[in-house]
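The structure under discussion appears below in the form of structure tokens.
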Amino acid sequence: MCDKNCASLALLSILLLSGVLHLQTVKALGSGCKEVERKALLQFRQNLADPSGRLSSWVGEDCCRWRGVSCNNRTASVIKLKLNNPFRDSFDAYEDDAGHELGGPISPSLLQLKDLKYLDLSMNNFKGFKVPEFIGSLKELRYLNLSGTFFSGTIPQSLGNLTNLLYLDLNNFLDQSNQIGLGWLSGLPSLKYLNLGGADLSKAAAYWLESISMLRSLVELRLPNCNLPILPIHFPSLNFTSLQVLDLSNNGFNSTIPHWLFNITRLSSLDLNTNDLQGDIPDGFASLNSLQQLDLSGNSFLGGRLSRNLGKLCNLRTLKLSRNNFSGEVSDFIDGLSECTNSSLLEKLELGFNQLTGDLPSSLGYLKNLRYLELWHNSFVGSIPPSIGNLTFLKELYLSSNQMNGKFPESFGQLSAIDVLDLSENQWEGIITETHFRNLSNLKELALNKQSENISLIFNISSHWIPPFKLTFINIRSCQLGPKFPTWLRNQTELTTLVLNNVRISDTIPDWFWQLDLTLDELDVAYNELSGSIPNSLGFRFPATVDLSSNSFEGPLPLWSFNVTKLYLRDNSFSGPIPRDFGQKIPFLTDLDISFNSLNGSVSKSICNLQQLLTLVISNNNLSGEIPRLWSNISSLYILDMSNNSLSGEIPESIGSLLSVRFLILCNNHISGEVPPSLKNCSMMDSLDLGDNQLSGNIPAWIGESMPSLSILRLRSNYFNGTIPPELCKLPALHILDLSHNNLSGIIPPCVGNFSGMKVEPPDSVKYEGSLQVVLKGSEYVFYTTLYLVNLMDLSSNNLSGEMPVELTRLIHLGTLNLSRNHLVGQIPTQIGKLEWLESLDLSKNKLSGSIPPSMVSLTFMNHLNLSYNNLSGEIPKANQFQSLNDPSIYEGNLALCGDPLPKTCSEIDGTPGDPGGDEYQEDENEHDKLWLFVSMALGFIVGFWGVCGTLIIKKSWRYTYFRFVDKIKDQFLTFLALNVVRLKREMLEKNGGGET
């Protein structure tokens, strides 16, 4: 027993002694790094720019203790330099991070670090300096990371000398896209990790795969965004026997998926996203049994079907197939995913932004390991299957922007891990109760926006219910939460976003809500029936959006903290003036809409101090006074709408300093004077509406020369005179031109046929063009979201003369043409039938003559026509739309027109009884002429009598002069008459005498 104990004690003593000796050795060696390496590091630091002092610890004798420096414990040699920028985690340079970046030239003193194995300079900024060639001489390097460093030049060929290198990351390390070759890779036989993301490899496009396949030790290969247009379909000599991760995303591949990929049997991650890959997904993926991550999103599998064989990849944890054009039903595909023997390991499934259809199958509930499910932006229908409750690990569910129209299963209440629930932009129906939320204790974000304004989803929740969750984000639209303000919000003290838009609340916002001490970045309760006044106590964080539009709030305008940037208060009952210090209270506003209220007083000059302002809409109030004159501070203003107020005075010259303004809307005020020439500086103008004011002078010709993007020009109901400037024809985008109700004269310029915006079909996608009051078919309409679809020309109620220019018939997509109440003559152009999209045509109250052109029967979209009070003649057409245009008032006042719907038949025009060309018509016309003769004689008598006799009665000297003048004229007339009588008698005598002879 003693021998064993003694032996044990002896062995323990030896171990302790050796440990002490080892610690002493390490301590002795660690007391300081090699002097030559310390000096080399100081030289390296001396050349660097270090604005934040990240290398301030590089002092003292022991460089092994300096930040980012590691040494070998035995030899004290520097083996590691980890100098990456920890404050930047992406490849974009942000100004906020610029103070933490190292920069400047890399000193060759690093060559003194003979044992350096690890060098990381990533996420710094060496812009303007080339990658040093000497790095290729650091023979012991195993790890080199220069990603995101913005070096200039290209990859030095000397990197091919680093034969021991295992890890090379050059992802986005160049600040310019110089083409590079790959020949230097052949010198890196030990390389296991290679990342050349962002490098321009188009020069190596033909042989890139051959060059890289020589690196037989590669485990991870990343070549994203490398301008590789060719993905070889056939490659027999593939040597990627160790490859596990392959990233070829964001290149220009426009082929099918090559089959050689399926020979990389150890592949665990494959990323081919954001290319132009086509065709179907090959069945060969089923052979990649080790695959855990597959990303094929952002390609062009147009009409392709989702392969059921993907379900055989039972090791898959991430599957991304979004942003493709997959079509067909999804049931078979999800059934396949759920057939793995031991339940599917799938944690992340992305199928968004496709064209998938059908109901979601019950087999979805078998994917029990799902954490993230993205199905938004498809065409799924029906209800959510009750099996959704089996996904107890699910944290995020995105079903928005589909056509789902069923009810919510109560099994939603079993999703105890759910954090984000986005069910918006569908057509849900039914009732939501507390049961649907009973176990959602982790829920943070809830989005439930209905797709239509039709409210069919109702929240039936007790006023005493206390939710199990603490939401940070609520977005509920077009559902019924009301009529009372939801009391379950009382304990939601962590809210940062609250949107209750169009949820049928008819109530005041209770005091307890204002006392929740919330700090919001968005508050939207628009389109309800909320009333009462708004306190200024609510807190916001920058940048914040507040939308209280379309309610019945009253009182003065609420003024919140500096942090509000977007404020929408339109369509309420706010009253009083705009506060004088408005611009100082909320100085960072970018968007302000206080239209459709009862505000009065003048426009606060402080608004012109809002230097960040992009949109300013103060229309439809009772504002008066002049437009403020200081606009030069708001150089980025995009929309300025002051319409429908009582503003007066002239348009200030300083508005011309709004170089970015696209929409200038000042209509329906009392603005006078001429259009200021400074507006020609607003070259980005898209819509100019100065209608319904008291502006005068000529229409400026420079509008057509200085505003090339103008699509809407509305100057109606002013006092403009002169002619229509031909320069307006230089506006190719113009599709609404309204110059009606002015004093314009002259002809309609023939160049109006150049308006390209009235020749082309309106765009398919929605284009914002603001709002506009437009006269269509004799009635006024206000367009908001569909204004870009309106093509209109209105020149009515002027003094225009001449003929209708035949060039008008080139405007083949014109929808409304109104030339009424002018003095146009001649015939309606025979080619008017080319205006196939014309819906409304008004040529009334002109002097047009001739017949109605037969080509007008081709205007099959026309539903409003007025040709009254012209001099048109002949038969009214009967085909197509003219059968429905059967109101006689359309044609009245054209006495020579005949046929339905007029009572005059064309057979009577030839002179038969009742014919407009016969006696009855002549009698009617004579009676009409006699009436006007008598009226004019009476008016002439009155004017003549009182114009002459009245003055004679008043002034005596004029009376004497007048009668002397009358006597003189009478004598001259009698003398003239007597002489002519004598001359006539002589001529008659001579004629009679000659006759007898």
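Tabulated results
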item: Normalised contact order of the chain, rounded percent, pairs of Cα under 8 Å and 6 or more residues apart; result: 3 percent
item: Computed helical MRE - 222 nm, the chain, DSSP H runs ≥ 4 contributing -39500 (n - 2.57), nearest 500; result: -4500 deg cm²/dmol
item: Loop-resident sites, region 445-498, for GluC sites (Glu not before Pro), counting at most 13 other Cβ within 10 Å (DSSP); result: GLU453
item: Total formal charge among the other residues, if their Cβ is under 14 angstrom from that of PRO763, Lys/Arg +1 and Asp/Glu -1; result: -2
item: Helix 2-29 vs. the chain, principal-axis angle (Cα, 0 to 90°, nearest 10); result: 50 degrees
item: Computed FRET value (nearest 0.05) for LYS484 with SER598, which takes r as the C-beta separation and R₀ as 30 Å; result: 0.65
item: Rounded to whole Hz, the Karplus (6.51, -1.76, 1.60) HN-Hα couplings of region 809-816, x for glycine and proline; result: 6, 7, 7, 5, 10, 5, x, 9
item: Where trypsin sites (Lys or Arg not before Pro) fall in DSSP loop in region 782-885, at most 12 other Cβ within 10 Å; result: LYS878
item: Cα coordinate range in the chain, projected on the principal axes (Å, largest first); result: 186, 71, 64
item: Loop sites in region 181-246: chymotrypsin sites (Phe, Trp or Tyr not before Pro), DSSP, at most 16 other Cβ within 10 Å; result: TYR207
item: Karplus 3J(HN,Hα) series, Hz, for region 530-540 with 6.51 cos²θ - 1.76 cosθ + 1.60 (x for Gly, Pro); result: 6, 9, x, 9, 10, x, 9, 8, 5, x, 9
item: For region 476-493, 3J(HN,Hα) per residue [Karplus equation, 6.51 cos²θ - 1.76 cosθ + 1.60, θ = phi - 60°, Hz, x = Gly/Pro]; result: 10, 9, 6, 10, 9, 9, x, x, 8, 5, x, 6, 5, 6, 4, 9, 8, 8
item: Added length on full extension, which subtracts the Cα-Cα distance from 0.36 nm per residue, ASP62 to ILE233; result: 55.9 nm
item: Links that overshoot a 22 Å alpha carbon limit, given the list LYS407/LYS470; LYS82/LYS127; LYS82/LYS114; LYS368/LYS395; LYS585/LYS605; result: LYS407/LYS470
item: Pairs from LYS730/LYS847; LYS192/LYS348; LYS203/LYS320; LYS39/LYS80 whose Cα-Cα separation, in the structure shown, is over 22 Å; result: LYS730/LYS847; LYS192/LYS348; LYS203/LYS320
item: Total formal charge among the other residues, if their Cβ is under 14 angstrom from that of LEU267, Lys/Arg +1 and Asp/Glu -1; result: -1
item: Long-range HN-HN contacts of GLY802 with modeled amide H, under 5 Å; result: VAL825
item: Environment charge of LYS730, counting only residues whose C-beta is closer than 14 Å and scoring Lys/Arg +1, Asp/Glu -1; result: -1
item: Rounded tilt (10° steps) of 919-954 against the dominant C-alpha axis of the chain; result: 80 degrees
item: FRET efficiency estimate (nearest 0.05) - Cβ-Cβ, ILE747 to ASN863, R0 51 angstrom; result: 0.95
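Values quoted throughout were computed directly from the atomic coordinates according to the rules given, and no laboratory measurement underlies them. Bear in mind the structure is a predicted one, so any value in this text is a computation, not a measurement. Glycine also receives a Cβ, built like all others from the backbone with ideal geometry; neighbour counts cover every protein chain displayed.
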